[in-house]
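The values are calculated or read from the model by the stated rules, or taken from the named source; none is laboratory data. The structure presented is a predicted model; accordingly, all values stated were derived computationally and were not measured. In this analysis, Cβ positions are derived from the backbone assuming ideal geometry, glycine residues included, and neighbour counts consider all displayed protein chains.
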Amino acid sequence: MISVTKSLPLGMMALLGAAWSSPALADAQIIFSGTLIDSPTCEINNNQRIDVPFGDDLITTRVDGVNYKKEIEYTLNCEQAASNAMRMTIKGTTAPFGSGLLTTNKTGLGIQLYVNTTTALTLGSGVNFMYPGKPVLHAVPVAQDNKTLTAGSFTGSATMVIEYQ
């Protein structure tokens, strides 16, 4: 009489042994549920453009990153805020000179933004704050070193983004 046996690999035998050695004592189904909602909205400046008029009397030789500083006045209304922890980011095109200056349409002229009066704000970096408070922002024109500014009007633009933390 010839007997034929097949042997299982050692790992498979251990796995089958573990499965047969202890029966399950209990099992329970887990159900996850929730409701997704849109983030409560914030309204910046009553959905109007924020204008920062530097005026019509800036003297080209006095534009030095200190003179002509203006507060950026805006409103912020967040109804039914899910959290008071917020983050503000100012996004825009960086000037080809300086560090984190907003570019303008005038060659050699950028805008430096400040948060809470003295801290320079780099474009694209965020500022954390607690609503209903809001960051106090300032802007000041900056001339490129060794560049003579020409007279004439100038503009620059950026986007303010408010996010929940």
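At-a-glance table
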read-out	value
Subset of the range 134-148 [at pLDDT below 95 and either closer than 18 Å to residue 50 by Cβ or in contact with a strand residue (DSSP E or B) (Cβ under 7 Å, 6 or more places away or on another chain) (or both)]	none
Selection within the range 116-165 - among the basic types (Lys, Arg) and under 17 Å from residue 90 (Cα atoms)	134
Candidates 22, 7, filtered to the one that is in contact with a helix residue (DSSP H, G or I) (Cβ under 9 Å, 6 or more places away or on another chain) and either at pLDDT below 95 or surrounded by fewer than 11 Cβ atoms within 10 Å (Cβ to Cβ) (or both)	7
Pairs with Cβ under 8 Å, 6+ apart, first in the range 152-165 and touching a residue at least 40 places away in the same chain (Cβ under 8 Å), second loosely packed, with under 13 Cβ neighbours inside 10 Å and of a type in the set (A, V, I, L, M, F, W, C)	164/82
Identity of the residue in the range 64-86, among the charged types (D, E, K, R) and modelled with pLDDT under 95, that ends up surrounded by the fewest Cβ atoms within 10 Å (Cβ to Cβ)	79
Some residue of the range 41-57 being on the phi < 0 side of the Ramachandran plot, in contact with a Cys (Cβ under 7 Å, 6 or more places away or on another chain) and aliphatic (A, V, I, L, M)	no
Residue among 117, 159, 122, 150 that is surrounded by fewer than 16 Cβ atoms within 10 Å (Cβ to Cβ) and within 15 Å of residue 63 (Cα to Cα)	150
Strands (runs of 3 or more DSSP E) lying entirely in the range 32-123 (those with 2 or more residues that are touching a residue at least 40 places away in the same chain (Cβ under 8 Å))	42-44, 70-72, 76-78, 85-92, 109-115
Selection from the range 31-46 of residues that are at pLDDT 95 or above and surrounded by fewer than 11 Cβ atoms within 10 Å (Cβ to Cβ)	46
